[in-house]
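The values are calculated or read from the model by the stated rules, or taken from the named source; none is laboratory data. Since this is a predicted model, take the numbers as computed values, not measurements. Because the Cβ atoms are built from the backbone with ideal geometry, glycine has one as well, and the counts that use them run over all protein chains shown.
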Amino acid sequence: MRVHLTATAAAAVRRGHPWVYRDGVAGAAGRAASALGRGARAHRAVAAAAVSAASGEVIELAAEGAPFLGRGLWDADSPIAVRVFQRTQAPALDERAMAERLERAFALRDGWFAGRDTTAYRMCNGEGDRVPSLVIDRYDRVAVVRLDGGLLAPWIERLLPHLARALGARGVRSIGLRAPAGGGDAEGKKLAHLHGPPLPERVVVRELGVAMEVDLARGQKTGAFLDQRDNRARVRALAAGRRRALNLFSYAGGFSVAAALGGAGRVTSVDSASAAHATAQRTFRENGVDPAAHEFVTADAFDFLEKARARGDRYDLIVSDPPSFAPSERAKPRALGAYRRLHTAVARVLEPGGVLCAASCSSHISMEDFLGTLDDATLERDDLRVRALHGQPEDHPTLPAWWEGRYLKFVVLE
Ligand code: SAH
């Protein structure tokens with residue numbers, strides 16, 4: 001099927017942006033029209049809503065004065081109507097072409113994690129690896145596939161033999177499929193078996209030499225937040241000589257164990273989910289750190305900060321890595337307000353001379369926006385400088401035009 005785009009959507013596709021939103025679809029030359037011939041009627045636009053393609057169907061993109069802009073796959077249910085896979089005529093968009101893209105994504109990473117120091121990393125970052133909507137995270141011998149939207153669901157069966165071969169050649173034995181956000185079975189399990197030996201519920205992986213337990217069955221994202229790997233190493237390096245560290249929104253304790261291994265005297269982990277602390281404590285033990293020497297608090301981070309301030313507790317290393325406050329552009333003003341409130345409260349328990357690592361994973365918040373929630377007025381102090389700005393690691397590549405892919409911000413203030 002052939003779909004006509006608005007001028008704005010066409011320009012974005014030309015720049016290499018991989019998404020066409022529904023309002024970027026000007027109309028379609030449908031099957032019935034095409035069957036009638038190649039005349040003007042074949043190109044007559046029908047309303048975007050009337051595009052009768054099924055999810056996963058190959059779509060040719062065209063626009064005024066541009067008979068061929070590229071090829072993508074239709075998504076019948078997402079606000080993103082088409083994800084663009086290619087802007088060249090050849091090769092055809094089929095499972096062979098996709099398998100080649102995947103092989104390139106895997107091959108790119110082959111040398112990066114060659115030792116046994118890091119056994120968990122992203123093997124395919126969807127759009128950023130030019131395989132839109134397909135994310136593959138590796139947890140040692142298990143690969144977890146996540147599909148954004150419904151466009152690749154009809155393709156996964158055909159892709160599986162290619163995946164099994166290419167991943168198998170790299171030591172992956174089992175492949176699982178992560179349920180879409182909010183999904184899962186009756187027991188809360190979010191991982192379905194696709195290939196190989198049965199999937200373990202939990203696996204211990206290594207990240208730059210640090211052991212990390214990952215809850216594959218029920219954990220967040222595909223199990224862990226692999227995008228913070230380098231930032232966890234940075235926290236480890238910053239922790240030397242610190243007396244008291246605080247990790248807010250600690251989840252499975254990645255930053256906490258990094259701080260403890262780096263030399264922080266006592267690490268306090270705060271998360272509203274108590275199950276996350278149980279995982280964190282096992283990870284402490286895996287690394288030879290006694291969790292009893294540290295503190296795990298099940299609480300709302302804002303409440304905790306208020307009470308800590310009132311008690312007079314102060315910290316000389318603080319990490320704050322909350323869940324996304326801005327799931328949409330509309331939520332942005334409220335999200336900025338929430339980051340400001342959080343950072344004001346954090347600054348009140350940060351010792352003079354302490355270091356603050358503040359993270360945001362909202363793509364709608366730019367680095368400058370985020371720095372605006374860490375300024376002197378917000379922090380009510382004038383002794384801090386921006387020591388470094390970081391983002392996501394190399395196994396999470398993006399595209400120049402795809403700004404949405406650069407979601408992670410990690411600011412080090414000291
Ligand atoms: N920093 C973690 C990832 C954080 S994910 C890492 O690097 O692995 C966000 C975490 O925040 C989740 O574990 C969730 O349970 C927790 N959370 C969400 N809202 C919270 C709140 N208001 N107070 C405390 N924890 C919260």
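For Asp117, the criteria (1) in contact (Cβ under 8 Å) with a residue 60 or more places away in the chain; (2) surrounded by 12 or more Cβ atoms within 10 Å (Cβ to Cβ) hold in every case but one, which is (2). Tallying residues that are in a helix (DSSP H, G or I) and either crowded, with 17+ Cβ neighbours inside 10 Å or more than 25 Å from the chain's Cα centre (by Cα) (or both) within the stretch 339-370 yields 10. Screening the candidates Phe249, Phe255 for the property of being near the ligand (Cβ under 9 Å from one of its atoms) and surrounded by fewer than 23 Cβ atoms within 10 Å (Cβ to Cβ) yields one hit, Phe249. Only strands (runs of 3 or more DSSP E) whose full extent lies in the stretch 36-99 are considered here, and the ones with at least 2 residues that are closer than 18 Å to Leu147 by Cβ, modelled with pLDDT of 95 or more and not β-branched (Val, Ile, Thr) are 66-74, 80-86. Annotation: Asp148 fulfils all but one of (1) more than 17 Å from Ser55 (Cα to Cα); (2) acidic (Asp, Glu); (3) buried (at least 18 other Cβ atoms within 10 Å of the Cβ); the unmet one is (1).
In the stretch 224-234, of all residues being assigned to a helix (DSSP H, G or I) and within 10 Å of the ligand (Cβ to nearest atom), the one that is nearest to Gly262 (Cα to Cα) corresponds to Arg232.
Looking at the structure I just gave you, is Ala164 surrounded by fewer than 18 Cβ atoms within 10 Å (Cβ to Cβ), over 22 Å from the mean Cα position of the chain (by Cα) and outside any strand (DSSP E or B)? For Ala164, the condition - surrounded by fewer than 18 Cβ atoms within 10 Å (Cβ to Cβ), over 22 Å from the mean Cα position of the chain (by Cα) and outside any strand (DSSP E or B) - is not met. The residues of the stretch 276-311 that are in a loop (DSSP other than H, G, I, E, B) and near the ligand (Cβ under 10 Å from one of its atoms), listed by number, are Ala299, Asp300. Has the stretch 333-340 got at least one residue that is modelled with pLDDT of 95 or more, of a type in the set (Ser, Thr, Tyr) and more than 21 Å from Met212 (Cβ to Cβ)? There is at least one residue in the stretch 333-340 that is modelled with pLDDT of 95 or more, of a type in the set (Ser, Thr, Tyr) and more than 21 Å from Met212 (Cβ to Cβ). State the number of residues belonging to the stretch 189-223 that are among the small types (Gly, Ala, Ser), more than 14 Å from Tyr139 (Cβ to Cβ) and within 14 Å of the ligand (Cβ to nearest atom). Of the residues in that region, 0 qualify.
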